[in-house]
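The values are calculated or read from the model by the stated rules, or taken from the named source; none is laboratory data. Owing to the predicted nature of the structure, the values given are computational and were not obtained by experimental measurement. Surface accessibility is based on the protein's heavy atoms, side chains included, excluding ligands, DNA and RNA. Shrake-Rupley method; radii C 1.70, N 1.55, O 1.52, S 1.80 Å.
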Amino acid sequence: MDRVIINEVGLRDGLQNQPRLLGTTDKLQLARALQVAGLHHLELTSFVSPRAVPQMVDADAFSQAMFAAGAPAQDYAALVPNLRGYERARQHPYRELSAVVASTDSFNRRNINKDLESALQGVLALIERAHVDGLRLRVHLSGAMGCPYDGPQPVRHILALSERLLGAGADELVISDTIGAGHPRLARALLLPLLESFPADRLGLHLHDTRGLALPIALAGLELGLRRFDASVGGLGGCPYAPGATGNVATESLVYLCEREGLHTGVDLEALQEGIVVAGQLTGQELGAPVFRWMRSRTQSCN
Ligand code: MG
C-alpha cells in the first residue's frame, strides 16, 4: 500500500511557544503515547539557545533519555538552527536533522539576526557538513507561502530558493507554511514546477492551520504525489517568531485524511486519542481536531 510518512513535530514545533514549561519526564510521557499510536518519526527537540526558546532547555537531557530507551536512531530528528546547534545534536546518535531558512530578509533577521543570503549560506554549510557526517538533512523553507512581516512572496522567489537548496543536496525540502497563509492553488504553483526537476520524496509539506486550509493543501500535495508531511498531535503549536500563527495541521486529521485516500500511515487513530489527551493535560491547552472530538463523542455514547 502507498505509504505516507508523518513527521510528528508536536514535541518541538508544538511545544516551543507553550507558556507552560514541560519537564523531561512530561515529554517522555508524551513521546511514549505517540509511539504507542504508531508515530515513529518524531522530531524531538531543537538545539537552540534556551534563552530564545525556554521550552527546549532540556534538549540534551530529553534526547539522551529517548535514545537510552532504545528506539532505532533513524526514528528521531532534531532541529538545528546553526552549526553550534549541529555540534550539540552530534553528541547524540541522530541520523536525521532539520535546518531552517526563512523566505525573506525580515523573517531571517527576526529569527537569527541574519539577512536571507547569509541565512541561506548557513544552511548550505549545514547540508555539506551533514553529508560529510553521513546524516540526512531536511531543510524547512519557512514562510514559503507568506512571510509574517512581508506578506505574500512571489512564486518565482520561493522556487529559486527551493531549487538552490535542493540543488545543493538538501535531502528533503520542506515547504513550510509557517503562518498558515497558504492555499491549495499556491501549493500547486510551488510544487508542480519543483516536481518537474526533483522526485516527490525530496519534498515535504509543513502546514499550519491558521486559516483552516491546512488539510486542503495537504490533499493537494497528496494528489501531486507528496508523501512526507509534518503534523502535530492535537494541532498543538504556533511559532514564537511568527505572530498570529496557530498550531500545525493536527496529526489525527492528516492520518484520517490519508487513510480515507487509501494511503497507509502506520498510525492507529484509536490509540492516538491517548496522545492527544496527554498533550492537552501537559500543556493545559484544549487540543484535538474534529475527528478527535467525533471519536470521543462516539466512545462516550457507546459506554
Ligand atoms: Mg511550524
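Can you give the Rg to Rh ratio for the chain, taking only C-alpha atoms and Rh from Kirkwood? Spell out each step's value before the answer.
On the way: Rg = 17.8 Å, Rh = 19.0 Å.
So for the chain, dividing Rg by the Kirkwood Rh gives 0.94.
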> Using helices alone, what [θ] at 222 nm do you get for the chain, with -39,500 (n - 2.57) per DSSP H run of 4 or more residues, divided over all residues and rounded to the nearest 500?
Replying inline: -13500 deg cm²/dmol
> Between rounded, prolate and oblate, where does the range 23-87 land on the alpha carbon gyration tensor, with a ≥ b ≥ c its root eigenvalues, rounded for a/c under 1.5, else prolate if a/b exceeds b/c?
Replying inline: prolate
>> Rolling a 1.4 Å sphere over the protein heavy atoms, what is the accessible area per residue of the range 5-302, to the nearest Å²?
In response: 40
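What is the Cα convex hull volume of the range 148-287 when expressed per residue in Å³? Walk me through the intermediate numbers first.
Values: hull volume 16.5 nm³, N = 140.
It comes to 118 Å³ per residue, whole-number rounded.
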>> Computing the accessible area with a 1.4 Å probe over protein heavy atoms, can you report the carbon and sulfur percentage for the chain?
In response: 51
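Take every DSSP beta bridge whose two residues both sit in the chain, then give the antiparallel share in percent to the nearest 5. Walk me through the numbers on the way to the answer.
Working: 2 of 36 bridges.
Around 5 percent antiparallel, to the nearest 5.
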